[in-house]
Amino acid sequence: MKRTFIAIKIPVVKQKMEIIADIQEALRDEKIKWVESWNMHITLFFIGDTLDDMIQPISGKLENHLKAVKCFNLKLKGLGVFKSVRDPKVIWIGINHSSELQMLKNQIDEIITSFGFKADERAFKPHLTLGRVKWVGNKSGLKKLIEENAETDFGEVAIDQVIFYESRLTPQGPVYKSLKQIDLKKN
C-alpha cells in the first residue's frame, strides 16, 4: 500500500526564490513549516492509500491518455492563505486561471475515478503551497504581508510533465518519490 497523488512540479526561478526568501524572513518568528523549493508542486488529484497492484494500471492509463495533452504555461501571481488571516493553515502563491490546467485536471479526474477513487467535491483551487502554518502570533503582520504581495508576479512556468507520486510521511515532513513521469506533447 502506498499513499499517492498526481501533480505537476513547479520549478521556481532564482529571482522569484529571492521574493519567497523575503516572505520567509518576514515570518521567521512564526511557526511555519516551509516547503522546500524542489518539492513545490500543484496537486491535481490526491488519491491516498493505493494498493501496490494498482500502481502499474494507473500509470499506464495516465500515460496513454495524457501523452496527447500539449505543454502549456502557467502564471504564478499573488500571495494568500487558506482558511483565513485570523486562522491561517496554508500560505500559498496563486495560479492565474488556465483553461489548459482545468482541462488537464478534468482528464485526470476521469482517469482516476475510473479506478474507483472518489474525486474531491470541493472546487479546484490551484495554488503553490509555500508553507503550512502551525502558529502565527503576529496576525496583523501576516495580513500586511499578504496585502503587499496580493499582486506580486512570481513569473510564468512551462508545464511539460505530469508526475504520479508516492508520498511518505516522516517526522521531518513528507518525502515524495516519483512513480511515473508522463511527458506532455511538445507544441
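A few comments on the model shown:
- Exactly one residue among 56, 107 is open to solvent by 70 Å² or more (accessible area, probe 1.4 Å), polar (S, T, N, Q), out of contact with any Asp or Glu (no Cβ under 6 Å at 6 or more places or on another chain) and closer than 23 Å to residue 4 by Cα, and that residue is 56.
- In region 25-45, of all residues being more than 12 Å from the chain's Cα centre (by Cα) and open to solvent by less than 50 Å² (accessible area, probe 1.4 Å), the one that is nearest to residue 141 (Cα to Cα) corresponds to 27.
- Set 98, 84: member being free of Cβ contacts under 8 Å to residues at least 40 places away in the same chain, among the small types (Gly, Ala, Ser) and under 29 Å from residue 160 (Cβ atoms): 98
- Scanning region 88-110 for residues that are touching a helix residue (DSSP H, G or I) at 6+ places or on another chain (Cβ under 7 Å) and part of a helix (DSSP H, G or I) yields a count of 1.
- Of the residues 85, 12, 81, the single one that is surrounded by 12 or more Cβ atoms within 10 Å (Cβ to Cβ) and either among the acidic types (Asp, Glu) or not in a loop (DSSP other than H, G, I, E, B) (or both) is 81.
- Residue 75 vs. criteria assigned to a strand (DSSP E or B) and either open to solvent by 20 Å² or more (accessible area, probe 1.4 Å) or of a type in the set (D, E, K, R) (or both): yes
- Boolean, residue 102 is under 30 Å from residue 57 (Cα atoms), crowded, with 16+ Cβ neighbours inside 10 Å and polar (S, T, N, Q): no
The values are calculated or read from the model by the stated rules, or taken from the named source; none is laboratory data. Everything numeric in this text was worked out from a predicted model, so none of it was measured. Note that each Cβ is placed from the backbone with ideal geometry, even for glycine, and that neighbours are counted across all protein chains shown. Remember, those area values only see protein heavy atoms, side chains included, never the ligands or the DNA or RNA. Shrake-Rupley method; radii C 1.70, N 1.55, O 1.52, S 1.80 Å.
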